[in-house]
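K.L.:
What follows is a single structure, and I will ask about it in a moment.
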Amino acid sequence: MEENEVSRLINDEKVFAENINKLFPSLLKTARLMVRDEEEAREAVQEAAWNAWRKLYTFRGDAKFSTWVSKINRNVCRDSLWRQKRKQITISLEDLGDLPDARKNPEDKIQESENKQQLWQALRRLSPKRRAIIEAVYGHRLKHEDVAKMHGMTKDAVKTECYRTLTELRKILKHTRDPRVGKRETGLTTSF
C-alpha cells in the first residue's frame, strides 16, 4: 500500500468505513466458519472492526489492509472460541451437504445413517481449527487458497492439515466402529 493511501486510511474515517464495508462479507464468512454461531460471528466482526479502528495507527501498510483486518478478525474469533471453550461446537449435516445416496436397500440406509452418526461424533472430537478447515474445504467447497487466507496459512499447509485431519478421522472411526459392522469402508474420501 502506498504511503498516501495509508495516510488517507488512517486520517479519514469515511475511507476506513468504506474499506471495512467492502471486507464485511469475507470477514463474516470467516467468523461463521470459526465460531459456528451467526450472532457470535457478527459480534466478532464488529469487535474486529472496532479493534482495527482503535489500532489503526499501528497499520504500516507493509501488507494489504484486508490482510491486516482479516488477521485481527481471526484473532477475535479465536478469543471468542477460547471464551466458549466449554461449550460444545458441532458441525451440522447441512454444513457439509448431503452425503451421496446411491443405495436403495433399507439395510444400507440404516448403515449410512449409522455412518453419518459416527462421522459427526468423530468430527466433534477434532479441534475447532481442524473442524473449521475441513468444513471450509469439504463442506463449503472453498478453494485451498481461500481457506489458507482465512486461517493465515499457506495453501500447502491447508492441504497438509486436510490430509492429517482425514487420517485422524479414519483412525477415530476405525476405533469407534460398531463391532457388528465389521471392517466395512466408511467412504470418508467420497462422503464429503
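K.L.:
Please go through the residue pairs Lys14/Lys143; Lys149/Lys174; Lys29/Lys155; Lys14/Lys55; Lys29/Lys159; Lys29/Lys174 and name each one whose alpha carbons sit more than 28 Å apart in this structure.
P.N.:
Lys14/Lys143; Lys149/Lys174; Lys29/Lys174
K.L.:
I'd like to know how segment 3-83 sits against the 2.2 N^0.38 Å rule of thumb: what's its Cα Rg over that expected value?
P.N.:
That ratio works out to 1.07.
K.L.:
Counting alpha carbon pairs within less than 8 Å and at least 6 residues apart, what relative contact order, in whole percent, applies to segment 3-83? Kindly include the intermediate steps, with their values, before the conclusion.
P.N.:
Values: 58 pairs, mean separation 28.8, N = 81.
Computed value for segment 3-83: 36 percent relative contact order.
Just so you know, all these numbers are worked out from the coordinates, no wet-lab data involved. Here the structure is a predicted model, which is why all the values come from computation and not from measurement.
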